[in-house]
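Just so it is clear, none of the values below were taken in a lab; they were calculated from the coordinates. Please read these numbers as outputs of a predicted model, since none were measured by experiment. Cβ: placed from backbone, ideal geometry, glycine included. Neighbour counts: every protein chain shown.
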Amino acid sequence: MAKMYFYYSAMNAGKSTSLLQAAWNYQERGMKPLLLTPELNFRDGDGRISSRIGLTSTATKFNEHDSLLEIVRRVHHEQHVSCVFVDEAQFLTRRQVYELSEVADKENIPVLAYGLRTDFQGNLFEGSQHLLAWADVLSEIKTICHCGRKATMVLRIDGSGRPIRSGEQIKIGGNESYVSVCRRHFKQGIAERASPALPFTEFEQ
């Protein structure tokens, strides 16, 4: 029986790299992986999944109104799909997570979803919340805070490296907008940019 997997982490933990490597393993064996990416993920380019180390692949785009079950069934009818990979899975809706569980349960196709667990305010994304509830297998992809501890949280920062405490949940960005930190530094509001010359900055009290 096929299973649904959720691989979660903070930013820059190598989620897309892991996804692309796993998809390549299927391709090497002559099997067909179906890669899905939300339209919101325009940072990687239109209909593409890219990693920080240079791996990239085309992917099927979807939006919040699309039925992922129907997308999978349509592609599966044309060419046997061996596995479904979902990038930026935190952007899934509750309905789409349920549909992915149907892909595993009714179509007997494994589903591997990769995404963030929480947003910059420490709240669960809708997709992540329901993947944590419904996935058969949960697996954390680890990265580290600037202090050396495991990073489990994400801070949104401005151009000066100061943490941003409010705003819309979804704002697409990379290292210029987000930094991964441990829980202690998330609570303290300390963010260190990639440049070591920039000082730590605390939230205003």
The long-range amide H neighbours of I164, using H built 1.01 Å from N in the peptide plane and a cut-off of under 5 Å, are R156, I157, D158
Neighbours of A10 by Cβ distance under 10 Å: Lys/Arg at +1, Asp/Glu at -1, summed charge +3
Between L36 and residues 5 or more places away or on another chain, the pairs with built amide H atoms under 5 Å apart involve T60, F85, V86, D87
Ranked on Cβ counts within 10 Å of their own Cβ, fewest leading, H77, H146 go H77, H146
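If you take the square roots of the eigenvalues of the alpha-carbon gyration tensor of the stretch 3-127 and sort them as a ≥ b ≥ c, do you get rounded (a/c under 1.5), prolate (a/b over b/c) or oblate?
oblate
Could you work out the local net charge near L34, counting Lys and Arg as +1, Asp and Glu as -1, over the other residues with Cβ closer than 14 Å to its Cβ?
Within the 14 Å Cβ shell, the charges total -2.
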Calc'd 3J(HN,Hα), the stretch 7-17, phi into Karplus 6.51 cos²θ - 1.76 cosθ + 1.60 (θ = phi - 60°), Hz, glycine/Pro = x, comes to 9, 10, 5, 7, 5, 6, 9, x, 4, 5, 4
